[in-house]
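The values are calculated or read from the model by the stated rules, or taken from the named source; none is laboratory data. As the structure is a computational prediction, the values presented were derived from the model and not from experiment. Every residue, glycine among them, receives a Cβ derived from its backbone with ideal geometry; neighbour counts consider all protein chains shown. Heavy atoms of the whole protein, side chains included, go into the accessibility calculation; ligands, DNA and RNA do not. Shrake-Rupley method; radii C 1.70, N 1.55, O 1.52, S 1.80 Å.
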Amino acid sequence: MFKQNKNIFTGLFMAVCSVLFTYPSMAGNDGFVFGPRGLGTGQSGLLHTDIWANHNNIGALGWLKKSGAGVSFDNRYNLKSFNQIALTGALVSKKYGVVGIGVSRFGSELFSQSKASLGWAKSFGIASIGLQGQWYQVAADEFPSRHYLILNFGGLAKLTSKVHFAASIQNLNQAKASDFQSDKIPTIVRAGLSFLPNNKVKLISEIQKDLDKKSIFKIGIEYEVLRKVWARTGFSSQIQQVSGGVGFEWNQFQFDYAIANHPQLGWTNSIGINFIFGKSQSDQKEPSKGENDKENK
Amino acid sequence: MKYWLFILILAFGLNTQKLFGQTYPRPEIQVEDFIENLFNLQSSDVNYEDLYEQLLLLYSNPLDLNDATPDELRNTYILSEKQVQDFLSHRQKTGKLLSIYELQSIPSFDQNTIYALLPFVIVNETPLNQDNKGLFKRIAIEPNNSLIVRGSRTLENQKGYSEAIPNASGDLPARYLGDPNKIFLRYRVSHVKDFSIGFTSEKDPGEQLRWNPATKQYGMDFWSAHFMVENKGLFKKAIVGDYQYMFGQGLVYSAGFAVGKGSEPVTTVRRSSIGIRPYTSVLEGLFFRGGAATLGFKNFEVTALVSSKSVDGNIQSASDTVDNDFIENFTSSINITGFHRTPTELANKQTNRETMLGTSVIYKEKTGKWELGALATSIQYQFPIIRRPSVYNQFDFNGSLNQNLSFTGQYNYQNFSFFGESAISKGGGHASVAGLVGSIGKGLDISMVARNYSRDYHAFYSNGFGEATRNVNERGIYWGLKYRAHPKWLVAAYYDRFVFPYLAFQADGPSWGDEYLSRITFSPSKTTSFFIQYRNESKLRNLASNQTPTDILVTTRRQNWVMQADVKANSWLSVRTRVQGSMWNQEKGNPQTYGLAISQDLNFDFGKVSISNRFSLFDTDDYNNRQYLYEKNVLYAFSIPALNGRGIRVYSLIQFSLNRKFDFWLRVARTIQRDQKTIGSGNEEIKGNSRTDLVVQIRYKI
């Protein structure tokens with residue numbers, strides 16, 4: 001009975017994967033953004049200077065002002081096998097920069113990807129850079145699991161107070177997945193610009209390129225509707241995934257939720273909680289009430 | 001600067017406010033420019049002439065700022081949500097506007113906005129209905145009236161007017177009964193928020209000018225008239241004659257008018273509940289004929305609609321399978337082109353009676369913060385519509401009775417406006433649309449719209465937001481953004497993703513796609529502007545080069561780009577250069593094809609006489625790359641030819657104002673395609689490589 005169920009699951013999994021493979025950069029788990037904030041802004045996490053930068057762009061972590069830790073849970077396309085849990089933590093030192101650790105696991109007992117990373121980032125003047133080492137394990141049912149070491153690099157420059165630029169390279173060392181057809185772990189390069197016309201609004205554009213696949217263009221917007229309440233929405237072209245989300249801050253806690261829709265695969269949900277040591281987390285999430293009033297009245 | 005100007009005006013205005021307010025010359029509406037800013041010019045399946053007519057209806061009456069409702073303000077498509085809110089609170093705080101110049105004192109009203117708004121608004125100082133003259137007296141002395149007579153024709157001989165020669169099987173091909181002249185008449189006298197009376201009449205080329213009640217010919221082919229009064233006691237509006245009705249977001253009644261996706265990504269996505277409107281157009285299908293009235297009780301507006309009109313269609317007969325003596329009449333479709341040129345078209349004229357009844361209730365909260373409305377309506381046809389069955393149309397309307405029930409609402413919160421409508425039709429089809437427009441920063445506006453229309457939703461007069469022309473079989477979500485980063489720079493963009501769960505036009509299977517557009521406008525001075533625009537649309541379509549019996553859906557991509565420069569050189573000369581092009585391709589299909597058009601305008605304005613000229617050149621690989629170019633035409637007429645092939649198009653338009661009563665227009669347009677032996681197809685075909693159109697128009701203000 002169990003065996004039969006397993007076969008059904010395997011079949012289902014293969015079916016979904018075959019759909020996924022036809023959409024650029026959605027195969028496996030490598031192109032995805034981590035955390036509901038990034039998912040809400042059109043799957044774009046490159047330019048968010050929050051603790052989830054550990055998973056999205058190690059360079060952006062350099063701008064973090066308060067230490068913190070968070071957890072998020074994703075379910076993709078309402079499939080059991082497409083769950084992901086991720087943890088993130090960052091320790092800020094004014095002198096030595098930011099040290100971040102991240103752990104995640106995607107999949108089920110049939111197929112899973114586990115990652116653990118340790119990184120360091122620091123801002124110098126207008127720019128920050130970060131470097132990360134990641135242990136990456138892929139396990140498939142009835143096959144021996146494999147693990148790799150991956151290097152990630154990223155940076156975020158605040159060109160002006162309103163325009164930020166960021167870029168990251170995932171799998172700098174181009175780790176090989178197997179010798180068979182020189183299969184490689186995807187190397188993904190991202191670059192993006194964000195524009196902050198006022199203290200309440202953040203517009204994000206990002207381009208993501210997996211060396212072997214078509215590029216994806218992402219647009220996102222985050223708007224502080226009320227004090228410490230954010231609404232987010234965005235989309236990614238090519239894969240035509242649309243998303244939206246909300247977040248709010250209560251004392252030292254931040255709660256975020258995001259939902260996304262793919263025209264064929266359906267719905268993705270993501271929920272997360274962050275705890276911040278100290279009152280506010282980063283520059284972006286620091287509303288200065290006075291200036292807002294000037295702008296909007 | 002703005003404030004100094006304002007203070008100066010105020011200083012003058014204290015003494016001469018009447019002079020200022022009344023003598024401000026309302027600029028002429030530059031319709032081409034305005035429409036071009038709203039519409040997505042190169043979209044494939046939109047009838048621009050219809051849209052233009054509808055816009056013109058909307059703008060033929062200027063809006064009185066002291067009296068304008070929020071919906072009317074939004075309906076200009078010029079003001080952002082913040083500007084609407086700011087204007088309303090300004091009017092509430094300081095009372096009625098003394099002059100149009102007062103707009104400058106509202107902080108969010110920048111110069112660009114004010115200039116854009118001026119052609120469409122007035123500040124009326126003499127309150128209406130307060131002069132003691134009776135209605136008929138007021139109508140008799142109203143200066144806002146005009147009679148327009150227009151004649152036009154194609155100078156070359158078209159096949160439809162030639163003698164019919166029997167074809168191989170001995171049948172005579174159909175030819176037009178009438179002459180190639182087009183005649184148009186319109187008279188209208190109206191006063192904003194008081195009354196409107198008018199008639200419109202038209203004879204299309206090829207139609208007969210003949211009195212014969214047997215064939216439903218009454219001189220001109222089409223006649224339309226209305227008499228409307230506003231704000232008379234309990235009656236907010238009452239109309240007899242031809243009218244349109246607009247409710248909610250247009251899922252049931254849209255008054256045929258909708259802008260939708262275009263170069264203006266924010267203000268156009270929201271429909272305004274403007275209710276009853278007189279119909280003065282000549283589109284022979286999008287109106288009701290009968291009577292309607294809106295009554296206002298406190299915050300409630302109750303509307304009753306009655307209409308009965310004859311529509312065109314080929315009535316066929318089928319005998320009942322059980323009882324052979326019982327003959328059933330039906331029609332396979334309703335024809336709304338309004339052409340009655342050939343014997344067949346004439347035989348199908350006004351063959352089916354459409355009867356409409358409807359009622360709506362709208363509750364408007366006192367401060368305008370929110371409103372809710374409901375509509376119930378039914379449309380009955382004398383002869384049922386029974387379509388030829390196919391996979392494609394099996395969820396379309398069949399039968400003689402359709403009923404709709406709809407709920408709508410809107411809510412304003414800070415600088416945001418939320419809106420939505422949800423409707424069902426007889427048989428269970430449903431349609432819903434919801435969205436928001438908002439200002440989230442200085443000069444920064446956004447919009448979002450989500451819609452879901454089921455494949456079996458039926459509403460004959462709907463025109464809600466969407467990708468497809470009808471509100472059926474579609475799900476989608478849209479984002480728009482507009483940012484005036486600087487007084488001289490404007491950025492506008494949208495993204496739309498849509499899914500057609502059932503078969504759609506040229507897609508024999510479930511399909512989906514997305515579309516985006518962005519435009520950057522740079523206006524270094526009041527007299528100079530430049531923009532570039534790019535649009536990309538990808539959707540699944542049947543593979544055109546497919547050789548197999550089964551259609552294959554492939555990603556079909558259409559790209560358009562435009563660059564345009566406008567320069568007003570001095571008081572009498574302005575020039576415009578426009579370059580536009582397109583690319584079209586199908587995945588796994590034939591190689592990409594291209595289209596290009598370049599146009600150069602030279603416009604002279606010498607006060608009483610103005611002359612507009614254009615020379616344009618076009619070169620397209622195929623019909624998928626046809627180029628649409630807006631052209632100036634005589635007042636209230638519109639021209640947007642689809643240029644296809646290789647050739648040259650030129651036109652010249654002269655306007656001459658004889659005195660305050662008489663204006664004349666003359667327009668000649670010519671298309672030359674040297675590599676063609678014939679132009680046009682069917683009865684419109686011309687032997688030769690050129691086509692010339694002539695238009696003459698006179699306006700007389702009585």
Using protein chains only and a probe of 1.4 angstrom, how many square angstrom of B:ILE702 are accessible, to the nearest 10?
110 Å²
Can you report the principal axis dimensions of the stretch B:143-238 using only the alpha carbons, biggest first, rounded to whole angstrom?
68, 29, 19
Cross-link reach list, lysines versus A:LYS65, counting only Cα pairs under 16 Å and skipping chain neighbours closer than eight places
A:LYS94, A:LYS95, A:LYS122, A:LYS158, A:LYS279, A:LYS285
At 18 angstrom or more along the helix axis (alpha-carbon based) and mean Kyte-Doolittle of -1.0 or higher, what helices does chain B contain? Whole DSSP H runs only.
B:2-23
Could you give each residue of the stretch B:498-509 its phi-based ³J(HN,Hα) in whole Hz, using Karplus coefficients 6.51, -1.76, 1.60 with θ = phi - 60°, and x for Gly or Pro?
9, 10, 10, x, 10, 4, 9, 3, 6, 9, 8, x
Estimated D of the protein assembly as shown in µm² per second, where Rh is the Kirkwood radius over Cα pairs and Stokes-Einstein applies at 4 °C, 1.567 mPa s:
41 µm²/s
Vicinal HN-Hα couplings computed from phi for the stretch A:201-206 (Karplus, 6.51 cos²θ - 1.76 cosθ + 1.60; Hz; Gly/Pro x)
10, 10, 9, 10, 10, 8
Losing no less than 20 Å² of accessible area (probe 1.4 Å) relative to the isolated chain, the residues of the stretch B:500-518 are B:TRP512, B:ASP514
Tell me, what is the per residue accessible area of the protein assembly as shown in Å², probe radius 1.4 Å?
45 Å²
Taking the Cα centre as origin and putting +1 on Lys and Arg beta-carbons and -1 on Asp and Glu beta-carbons, what dipole magnitude results for the protein assembly as shown, to the nearest 20 debye?
2620 debye
Among the listed pairs B:LYS96/B:LYS482; B:LYS261/B:LYS568; B:LYS366/B:LYS442; B:LYS182/B:LYS687; A:LYS80/B:LYS426; B:LYS82/B:LYS298, which have their C-alpha atoms separated by more than 32 angstrom in this model?
A:LYS80/B:LYS426
Total accessible area buried between chains B and A, 1.4 Å probe, in Å² to the nearest 100?
1800 Å²
Stokes-Einstein D (µm²/s) once Rh is taken as the Kirkwood radius of the stretch B:442-528 over alpha-carbon pairs, at 4 °C in 1.567 mPa s:
86 µm²/s
At 25 °C and 0.890 mPa s, what whole-number value in µm²/s does Stokes-Einstein give for the translational diffusion of chain B, with Rh from the Kirkwood sum over Cα pairs?
90 µm²/s
When the Debye formula is applied to the Cα atoms of the stretch B:575-692, each taken as the same point scatterer, what base-10 log of I(q)/I(0) results at q = 0.17 Å⁻¹?
-0.91
The lysines whose Cα lies under 17 Å from the Cα of B:LYS349, excluding any fewer than 8 residues away in the same chain, are B:LYS203, B:LYS216, B:LYS309
Most positive-pole-ward Cα, B:ILE139, B:PRO107, B:ALA376, against dipole of the stretch B:2-542 from beta carbon charges:
B:PRO107
Once the convex hull of the alpha carbons of the stretch B:295-376 is built, what does its volume come to per residue, in cubic angstrom?
161 Å³
Select from the stretch B:367-396 those chymotrypsin sites (Phe, Trp or Tyr not before Pro) which occupy a DSSP coil region and have at most 15 other Cβ atoms within 10 Å, ordered by residue number.
B:TYR392
Counting all C-alpha pairs of the stretch A:160-253, share separated by more than 23 Å (%)
43 percent
In whole percent, how big is the carbon plus sulfur part of the accessible area of the stretch B:2-542, probe 1.4 Å, protein atoms only?
60 percent
Count charges around B:ASN299 for me, please; just the other residues with Cβ under 13 Å from its Cβ, Lys/Arg as +1, Asp/Glu as -1.
+2
Considering only chain B, percent of DSSP beta bridges that pair antiparallel, nearest 5:
100 percent
CD proxy at 222 nm, helix term only [per DSSP H run n ≥ 4: -39500 (n - 2.57); per residue of the protein assembly as shown; nearest 500]
-3500 deg cm²/dmol
Once you keep just the Cα pairs under 8 angstrom separated by 6 or more residues, what percentage relative contact order results for chain B?
10 percent
